[in-house]
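Q: Once you've had a glance at the structure underneath, I'll fire off some questions.
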Amino acid sequence: MLGVSTSGYYAWRNRAPAARTQADQRLCGITPSMSRRGNCYDNAMMESFWTTLKTELFGAYVPATKAEARLLIFEYIELYYNRHRKHSALGFKSPVDFEAQFRYQQN
């Protein structure tokens, strides 16, 4: 079994899903994002973005290939999320409009 003892496999398999995910990330050379204990807000903005992206872009649709997923995500972020989608944290302006207003006020 790929050099893994059966007992080691079951020990890995029986771990909590989060522990398995972190182990998988380390095997792939990915450093998991970890905060200090008790700090649940450090990743809140990114978690909110991923939820919005998955809900608004994909819904129940699953792209057929990674290339298709990359293209859809790129178009969503660059053509819709940054240019047209209104953000409550920006006074219900799109990021592009907010930056333009900020630059105008600086001059």
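Q: At 7 Å along Cα-to-Cβ for each site, give me the label-to-label distance between V96 and K66 in nm.
A: Placing both labels 7 Å along Cα→Cβ, they lie 2.9 nm apart.
Q: What trypsin sites (Lys or Arg not before Pro) does region 49-107 have in DSSP loop regions with at most 12 other beta carbons within 10 Å?
A: R83, K86
Q: For region 86-94, just list the computed ³J(HN,Hα) in residue order, Karplus coefficients 6.51, -1.76 and 1.60, θ = phi - 60°, integers in Hz, with x standing in for Gly and Pro.
A: Coupling constants for region 86-94: 7, 10, 4, 5, 10, x, 6, 10, 6 Hz.
Q: Name the residues whose placed amide hydrogens come within less than 5 Å of the amide hydrogen of S94, ignoring near sequence neighbours (fewer than 5 apart) on the same chain.
A: Residues meeting the amide H criterion: H87.
Q: With Rg and the Kirkwood Rh both taken from Cα atoms, where does Rg over Rh land for region 43-106?
A: 1.06
Readers should treat all values here as calculations from the given coordinates under stated rules, not as data from a laboratory. Since this is a predicted model, take the numbers as computed values, not measurements. Quick reminder, even Gly has a Cβ in these numbers, built from the backbone with ideal geometry, and neighbours come from all protein chains shown.
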